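Below: the structure, in structure tokens.
The values are calculated or read from the model by the stated rules, or taken from the named source; none is laboratory data. Quick caveat, the model's predicted, so the values are computed rather than measured. All Cβ positions, even for glycine, are placed from backbone atoms using ideal geometry, and neighbour counts span all protein chains on display.
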Amino acid sequence: MISYAFASATSASGNPMDRALFLIDGFDVLIIQTHNNEGQKWDEKYIKELNLDVVPVEVNEIYTSGITVKMNSRLLYFDQQPIMEKDRVLVPFRKIFVSFGAEVNWDGENQIVTATKGEKSIVLQIDNPQIIVDGKTVLLDVPPRLVGQRTLVPVRAVSEGMGAKVSWHDERREVTISYLEVIQ
């Protein structure tokens, strides 16, 4: 079993980066991977013979979900790990929409997310199972959620709304998004 935690950070030079910490069960190895916001690996350190006092704690599924998301074979890194609810994967709205090149707006008062790109538009509201894709109402199995300080949206629904194809690979716990932008 591999456990991990995930966090966003800023480097000493002010660049955003993501850090993933992996602790491999049964081995005294801690792997620290640091990536910039384009997913390029910056460094990797192996620390052996850890002398840690292990205290049992309740682990939040959000941080140990092990779900990965790839768009056009490129791994997407989120500041909030994807979660699964009722067999649907939810991801932070801003990162997924920006990955499609969409403009994103958050109306905090009404808890509404709007993403637009050209003629495409998607409007979602927290805890509302109805979304509007290009002016048409679509009913979701799982509505957008607030988790911690992040708004999570169903990755399949929003990706397909942007015109992408989405696949789930259960054995790898991986979402793959295939998106070919049509230039007119």
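Annotations
- Boolean, ARG145 is in contact (Cβ under 8 Å) with a residue 60 or more places away in the chain, of a type outside the set (Asp, Glu) and surrounded by fewer than 16 Cβ atoms within 10 Å (Cβ to Cβ): yes
- Total residues in the range 166-184 satisfying the condition of being closer than 14 Å to SER99 by Cα and either assigned to a loop (DSSP other than H, G, I, E, B) or among the small types (Gly, Ala, Ser) (or both): the figure is 4.
- Annotation: SER99 fulfils all but one of (1) over 16 Å from the mean Cα position of the chain (by Cα); (2) surrounded by 17 or more Cβ atoms within 10 Å (Cβ to Cβ); the unmet one is (1).
- Considering (1) in the same structural domain as HIS169 (by TED's automatic domain parsing); (2) at pLDDT below 90; (3) out of contact with any helix residue (DSSP H, G or I) (no Cβ under 6 Å at 6 or more places or on another chain), the lone condition that THR68 does not fulfil carries the number (2).
- Against the test of being of a type outside the set (Gly, Ala, Ser), in contact with a Ser or Thr (Cβ under 9 Å, 6 or more places away or on another chain) and modelled with pLDDT of 90 or more, the options GLN81, GLN111 yield a single qualifying residue, GLN111.
- Among the residues making up the range 81-129, those that are in a loop (DSSP other than H, G, I, E, B) and farther than 22 Å from LYS70 by Cβ are LYS86, GLY108, GLU109, ASN110, GLN111, GLY118, GLU119, ILE126, ASP127, ASN128, PRO129.
Quick grid of which residues meet (1) in contact with a Ser or Thr (Cβ under 8 Å, 6 or more places away or on another chain); (2) among the charged types (D, E, K, R); (3) at pLDDT 95 or above:
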| position | (1), (2), (3) |
| --- | --- |
| ILE122 | yes, no, yes |
| GLN130 | yes, no, yes |
| VAL133 | yes, no, yes |
| ASP141 | no, yes, no |
| GLY163 | no, no, no |
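- Among residues that are assigned to a loop (DSSP other than H, G, I, E, B), in contact (Cβ under 8 Å) with a residue 60 or more places away in the chain and either surrounded by fewer than 17 Cβ atoms within 10 Å (Cβ to Cβ) or within 15 Å of the chain's Cα centre (by Cα) (or both), GLY163 is not included.
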